[in-house]
Amino acid sequence: MRKRILPPVILSLSLLAASPASASETPQEARRCDRAIELARQVGWLKKDLPYLRYILHRESRCQPDSIGRNRDTTGRVTSEDLGLAQINDRSWVTYLKGQGIIQQREDLLKPKTNLKAALELLRYSVRHGYDRWHQWRGTSGK
């Protein structure tokens with residue numbers, strides 16, 4: 001009897017490993033994530049990075065381009081905001097991204113194409129500085 005149960009379990013686990021966010025995506029989120037990943041390909045993301053990028057986009061924003069996460073100190077005061085699909089922190093990255101010519105103002109990070117370009121630049125920044133490729137999202141990625 002175990003032999004009949006084991007293959008479907010292995011199959012379902014392998015599908016989860018290939019696309020971690022898909023198990024918890026609603027149909028609407030899946031459509032938004034599909035569009036975001038297609039746009040990521042258009043702005044230069046490598047095919048090998050797309051499954052993990054999808055996981056991050058789903059985990060960070062549920063693939064909602066206008067998502068804003070507010071970070072607060074212990075008194076409840078907002079200290080920074082994470083913007084867009086990849087939830088790029090304004091306090092940490094706006095000045096750098098302006099210098100790279102990717103954005104002109106922080107609100108540009110709410111544009112899906114711009115946000116994905118910025119996220120790609122942050123991945124490249126991590127690599128150039130000797131960090132893990134997904135360093136900027138280490139708090140949510142589990143890497």
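Determine the pairs where a residue that is open to solvent by 60 Å² or more (accessible area, probe 1.4 Å), located within region 91-104, has a partner that is among the charged types (D, E, K, R) with Cβ atoms under 6 Å apart, the partner being 6 or more residues away or on another chain.
From residues that are open to solvent by 60 Å² or more (accessible area, probe 1.4 Å), the pairs are Gln100/Glu121.
Does Leu120 fit the bill of being among the hydrophobic types (A, V, I, L, M, F, W, C), in contact (Cβ under 8 Å) with a residue 24 or more places away in the chain, outside any strand (DSSP E or B) and surrounded by fewer than 20 Cβ atoms within 10 Å (Cβ to Cβ)? Lay out the reasoning, then the answer.
Numbers: among the hydrophobic types (A, V, I, L, M, F, W, C): yes; in contact (Cβ under 8 Å) with a residue 24 or more places away in the chain: yes; outside any strand (DSSP E or B): yes; surrounded by fewer than 20 Cβ atoms within 10 Å (Cβ to Cβ): yes.
Yes.
Go through (1) free of Cβ contacts under 8 Å to residues at least 24 places away in the same chain; (2) open to solvent by 20 Å² or more (accessible area, probe 1.4 Å); (3) of a type outside the set (Asp, Glu); (4) closer than 19 Å to Ala30 by Cα for Arg62 and report which single condition fails.
Single failed check for Arg62: (1).
Kindly list the number of the only condition in (1) modelled with pLDDT of 95 or more; (2) surrounded by fewer than 17 Cβ atoms within 10 Å (Cβ to Cβ) that fails for Gly142.
Gly142 satisfies every listed condition except (1).
In region 81-101, how many residues are over 21 Å from Leu57 (Cα atoms) and assigned to a loop (DSSP other than H, G, I, E, B)?
Looking only at that region, the number is 2.
The values are calculated or read from the model by the stated rules, or taken from the named source; none is laboratory data. Values in this document were obtained by computation on a predicted structure and should not be read as measured data. FYI the Cβ positions are ideal-geometry reconstructions off the backbone, even for glycines, and counts take in every protein chain you see. Just the protein is used for accessible areas: all its heavy atoms, side chains included, with ligands, DNA and RNA removed. Shrake-Rupley method; radii C 1.70, N 1.55, O 1.52, S 1.80 Å.
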